[in-house]
Amino acid sequence: MIIRSCEVLFCSVLLALTMDAVIIEKANALPRKIHFVVYKMDQSPLKLNRSTPLALRNIAGLSLRHQGFFQNVHSHVASLIDADRLVGARPLWIADGAEMNLTPAQVSLLKKSPHVLAVLPLNRRGRLTDFTYGLKRIKIPELRTNHSGIDGNGISVGVIDTGIDAKHPDLMGRVVAYRDFVDPKVLQPRDDQGHGTHVAGTIAGGATSGRSIGVAPKVNLVIAKTYNSRGSARDIDLLSAMQWMTDPDDNPATADAPRVVNSSWNVDGVIGSIDFTLEPFCIAISNMRTLGIASVIAAGNDGPRRNSIKIPGACPDAVTVASTDSSDRLTDSSSRGPSLWQNGTIQKPNVSAPGKDISSSTPGGGYRTRSGTSMASPHVVGMFALVFQKNALLTVDEAQRLVESQATDIESAGYDTATGWGLINSVSTIDQI
Ligand SMILES: [Ca+2]
Ligand SMILES: [Ca+2]
């Protein structure tokens, strides 16, 4: 049965080769695109035996016979378009066909063949299938569909943290500047703690695992390592890192400052009795804003007590971020506002983002979940990068107003001192620009 059908196939192949030799010559010279060619498998033992009860099937034997038949059809179809010059053909017997890199003329040639059922373009079918819940809650999947070019491309983002594993598959190629304030002799990016790599992944991580982890996967990262392996940092290193962010290459003639900086940390300090205009971290954040750099700060994990947001989240010019879960509910431990200073009360936090059980990159190439406002803040940083990509001329004030005004109100109605203006919404924010 199989032998006879192959003879028939062979005859038609010879005919096709003679008739189309000139066409093939021309076809091979044109640009190619990836297609999947589905073969006609009428004589296949799998087709004939579909009605056999599962228990009676010899699966291995059947698949071997199917593969033999498939290989014959594949050889004939491949020879139709000049097998020697067929670039990257990958036969897949399980799908009754093969991936082929084809010119338009080869496509029409194959469509006419009696052994081919269909020729399907493949290049846009292998799409990412999954996103972390955090990206889903802030509507990144819809954004990628509706605004496909808005991915942070061309925008620089700073991270002041424990460093970064710059070789993680989801972060490869993203780091454009690195400074080690813990050990200035170290020139290559490193992360001996893990917190910074996780934060950076939520901002800029790709999808090599099949799951998209980053809000703005094309941004350039400017990384300051200020926290050591035990997770502690000196104030002077944190302030120095903020200053470094304004000119990472130490050359005022080049505009290489990031547009937004993530700070998923806070420093201890009783703030009720002091004047924020005398607090160095608040001064630094205000000066950065004047220079066009947004400072996005984690609210902290000292909730549900009121007035529990510390420096620098309590500073007036910080964009302070509370943490929500997969149901858009406030995380109990998220620090609460308002922030009380000697010279007045300031509405804090500003907005909310997912921070509970967030999956992101970890040093060594893997993934893990972490929880806290540290994980919420980088979602907002990524959002600012998308806003500045859409319109680079926006000031920090304008970008902040956009993000706040388009946030989805959650918890108690209107602005509240637990979730700020609500959960950030990437689609409605970008739609406004
Ligand atoms: Ca510079
Ligand atoms: Ca609310």
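The values are calculated or read from the model by the stated rules, or taken from the named source; none is laboratory data. Keep in mind it's a predicted model, so treat the numbers as computed, not measured. Cβ placement follows ideal geometry from the backbone for every residue including glycine, while neighbour counts extend to all protein chains displayed.
If you filter region 221-256 down to residues that are among the charged types (D, E, K, R) and more than 16 Å from ligand 1 (Cβ to nearest atom), you find that the one that is surrounded by the most Cβ atoms within 10 Å (Cβ to Cβ) is K225.
Residues of region 277-304 that are under 20 Å from E404 (Cβ atoms) and either crowded, with 22+ Cβ neighbours inside 10 Å or outside the structural domain of D235 (by TED's automatic domain parsing) (or both): C282, I285, M288, A294, S295, V296, I297, A298, A299, G300.
Here is a yes/no grid of residues against (1) of a type in the set (D, E); (2) under 23 Å from the mean Cα position of the chain (by Cα); (3) modelled with pLDDT under 95:
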residue: V261; (1), (2), (3): no, yes, no
residue: G269; (1), (2), (3): no, no, yes
residue: T277; (1), (2), (3): no, no, yes
residue: M288; (1), (2), (3): no, no, yes
residue: G292; (1), (2), (3): no, no, yes
residue: L330; (1), (2), (3): no, no, no
residue: P338; (1), (2), (3): no, no, no
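Considering only region 257-272, how many residues are surrounded by fewer than 18 Cβ atoms within 10 Å (Cβ to Cβ) and under 19 Å from D161 (Cα atoms)?
2
This table checks each residue for (1) free of Cβ contacts under 8 Å to residues at least 60 places away in the same chain; (2) part of a loop (DSSP other than H, G, I, E, B).
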position	(1), (2)
S113	no, yes
G134	no, no
S148	yes, yes
G158	no, no
V199	no, no
I203	no, no
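Which one is farthest from ligand 2 (Cβ to nearest atom) among residues in region 257-279 that are outside any helix (DSSP H, G or I) and among the hydroxyl-bearing types (S, T, Y)? It would help to see each step written out before you state the result.
So the first thing to find is which residues in region 257-279 are outside any helix (DSSP H, G or I), and the list is 257-275, 279.
If we keep only those that are among the hydroxyl-bearing types (S, T, Y) as well, we get 263-264, 273.
Numbers: S263: 24, S264: 23, S273: 29 Å.
Checking each candidate, the answer is S273.
Assessment of region 223-231 against the conditions (among the hydroxyl-bearing types (S, T, Y), in contact with a His (Cβ under 9 Å, 6 or more places away or on another chain) and within 17 Å of V182 (Cα to Cα)) yields at least one matching residue. Looking at region 417-428, can you tell me whether even one residue there is in contact with a helix residue (DSSP H, G or I) (Cβ under 6 Å, 6 or more places away or on another chain) and either aliphatic (A, V, I, L, M) or surrounded by fewer than 21 Cβ atoms within 10 Å (Cβ to Cβ) (or both)? There is at least one residue in region 417-428 that is in contact with a helix residue (DSSP H, G or I) (Cβ under 6 Å, 6 or more places away or on another chain) and either aliphatic (A, V, I, L, M) or surrounded by fewer than 21 Cβ atoms within 10 Å (Cβ to Cβ) (or both).
If the condition is being without any contact (Cβ under 8 Å) to a residue 24 or more places away in the chain and in a loop (DSSP other than H, G, I, E, B), then region 235-256 contributes D247, D250, N251, P252, A253, T254, A255.
Considering only region 313-341, state which residues are surrounded by fewer than 24 Cβ atoms within 10 Å (Cβ to Cβ), over 14 Å from M375 (Cβ atoms) and small (G, A, S).
S327
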